[in-house]
Structures are given as C-alpha cells and as structure tokens.
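See below for the structure under consideration.
The values are calculated or read from the model by the stated rules, or taken from the named source; none is laboratory data. These numbers were taken from a predicted model, which means no experiment stands behind them. Cβ placement follows ideal geometry from the backbone for every residue including glycine, while neighbour counts extend to all protein chains displayed. Ligands, DNA and RNA are stripped out before the accessible areas are found, and what is left, the full protein with its side chains, is counted by its heavy atoms. Shrake-Rupley method; radii C 1.70, N 1.55, O 1.52, S 1.80 Å.
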Amino acid sequence: MPIDVYATAGAIEKDLRGHACVIVDVLRATSVIITAIEHGCKSVIPVAEVEDAAIMARQLGGERVLLCGERGGVMIPGFNLSNSPLEYTEEVIAGRSLVMSTTNGTRAILRAGGSEAVFMGGFLNARAVAEAALSVSDSIAIVCAGTDGRYSLDDVLCSGAIISRILDINGKQSLCDLGRTALALYDSYNDDLFESLRGSLHFERLRALGFEEDIRYCLQEDVMQAVPEYKNGVIRKRRPQAAQTAE
Ligand code: MLT
C-alpha cells in the first residue's frame, strides 16, 4: 500500500479504517502534544471548540486539569497554557490531564479518529512515530493539519521527514504523489529547515507574534521518543508493543 499524505484534514477522501494515521501540525499543536507527553503529562483531550474545552474540564474536575490551546496563535482568555511548547515543562504538566483546543491541529486529530491507530507526529519524534506507524500497518496515512484549511509548507516538510524515516526502515513502501513531493522537499531543504520556511504563511504569522523560539524548538529532529496516541477521545503515551501484547 502507498503512504498517503493529505495536505489538510479536509482533503481526506477515503475511509481510513485499517490505516495507521499520523497527524502532523508542526507549528505547533502536535509539537506541543509530543512535548507534553514526553514530559510526563497523563493525557491530552483534544476538543474542537473553546466552549467544549471549558465544559470538559469541569466534567473532569479537580485541580489537576489544565486548559490549553490558542486562537489566533495566542492564549485563550481563562485558559492555563497557550500553544507554546516551551510552556509545557515537566514542572508544569507532569501527572496532569490537559484539555486542548487549537485552531487547526485538534480538529485534524478529531477528523482522523476511526483509523486503526492515530499518532501525533512532528520533527521532534519523526523516527519514533515512523516506527510506531509501521508496527501497526503498512497502510499509512499522514494527515497535515494545514493552516486555515490550506496547505502549509511546515507540515508537508515534516511529512517528508517522517517518510524518509519510514523508508529507512522499510524501503519497499510506495508513495502517493504528495508523499513524493514531501520527500523531495525535505531532501532538498533539510540542511536548514528554519531558513527554508522563511516567507511561508504560518511561519511568518508566528514570527510576527514573537514566537521565533517556538519555531526553532519545533524544527529539532528526532530529539524525543514519545509517540502520543489518540484512542477513545484521549491522547496518551503509546506503550511499547510488548506491553500491549501481554494484556
Ligand atoms: C493550530 O492548531 O492551528 C496551530 O497549532 C496554531 C498555533 O501555532 O498556535
């Protein structure tokens, strides 16, 4: 089966049952979730609307729940954390449950539910998420969150990074046309991802808001092992295969 890449969640045109699905919102939702899980947060509950987040947090109750996310790239009034991965330190989030709503990222996650497995991918965990996806199925769909319903260069470049890791492990995987494009872009830009994104829509939006440090953080490759997995409405750390088969 080819690796399918979707430029946005809205571009998914087929049933993804049986697929291992990797959601990519490099700037910044999936990078935030990978960081949060790596730093020991208990779970992340993605919700589409800000109002739903507040209701969900009330239902979960207790002071161990944090409301997180953004609208327009900045902190939502009344929330605890914004969508900056630098805020998600171990001291702040270890052992906590996060209810998260972002403009594009959390919506893409919700759209992909129903696949065999749904993982969060980014440059931070490119190799680890490639290994996790291949361990589930060789039918792999990479779903880019995009920006406001449009293709986003940062997500497509990251898809190329994940594809390069998948091909390192299993060179026999074939690629859809966008997958081939993503890989070619990644191969030609990976010596300086930051410079290659200069001028692109979401990159410039975040820079204008003062988030250059966030961008540099999200473009680090293979520095984390955590593979967040979305199942039954909740994102948790994927457990090693051996632990799952022992159940
Ligand atoms: C989103 O989900 O739209 C993004 O993560 C926005 C952002 O960079 O904060």
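What the table shows:
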| item | result |
| --- | --- |
| Estimated translational D of region 2-230 in µm²/s (Stokes, Kirkwood radius over Cα pairs; 4 °C; 1.567 mPa s) | 75 |
| The chain: calculated mean residue ellipticity at 222 nm from DSSP helix runs of at least 4, using -39500 (n - 2.57) | -11500 deg cm²/dmol |
| Contact order normalised by residue count of the chain, Cα under 8 Å, 6+ apart, percent | 33 |
| Accessible surface of the chain, 1.4 Å probe, proportion on carbon and sulfur as whole % | 49 |
| Cα centroid of region 199-233 to Cα centroid of region 135-156, whole Å | 14 |
| Cβ crowding within 10 Å averaged over residues, with 12-24, 48-60, 157-169 ranked highest first | 157-169, 12-24, 48-60 |
| Accessible surface, region 2-230, averaged per residue in Å² (probe 1.4 Å) | 39 |
| Calculated from backbone phi, Karplus (6.51, -1.76, 1.60) coupling profile of region 68-84 in Hz, x at Gly/Pro | 9, x, 8, 9, x, x, 10, 4, 7, x, x, 7, 8, 9, 8, 9, 8 |
| Antiparallel content of DSSP bridges confined to region 2-230, in %, to 5 | 15 |
| Placed amide H near residue 71: partners under 5 Å, 5+ positions off or other chain | 76 |
| For residue 66, residues with placed amide H under 5 Å, excluding near neighbours | 97, 98, 99 |
| Gyration tensor verdict on region 152-247 (Cα atoms; rounded if a/c is under 1.5, prolate if a/b is larger than b/c, oblate otherwise) | oblate |
| Relative contact order (percent, whole number), region 124-247, Cα cutoff 8 Å, 6+ residue spacing | 31 |
| Reachable aspartates and glutamates from residue 42, criterion Cα separation under 18 angstrom, eight or more residues apart if same chain | 63, 87, 90, 91, 229 |
| Karplus (6.51, -1.76, 1.60) ³J(HN,Hα), θ = phi - 60°, over region 34-44, in Hz, Gly and Pro reported as x | 4, 4, 4, 5, 4, 8, x, 6, 6, 7, 10 |
| Amide H contacts under 5 Å for residue 22, placed H, 5+ residues apart | 119, 141, 142, 143 |
| Extension gain, residue 74 back to residue 148 (0.36 nm per residue minus Cα-Cα distance, nm) | 25.1 nm |
| Derived scalar couplings ³J(HN,Hα) [region 190-205; Karplus, 6.51 cos²θ - 1.76 cosθ + 1.60; whole Hz; x for Gly, Pro] | 6, 6, 8, 4, 4, 5, 5, 8, 3, x, 7, 4, 6, 4, 5, 4 |
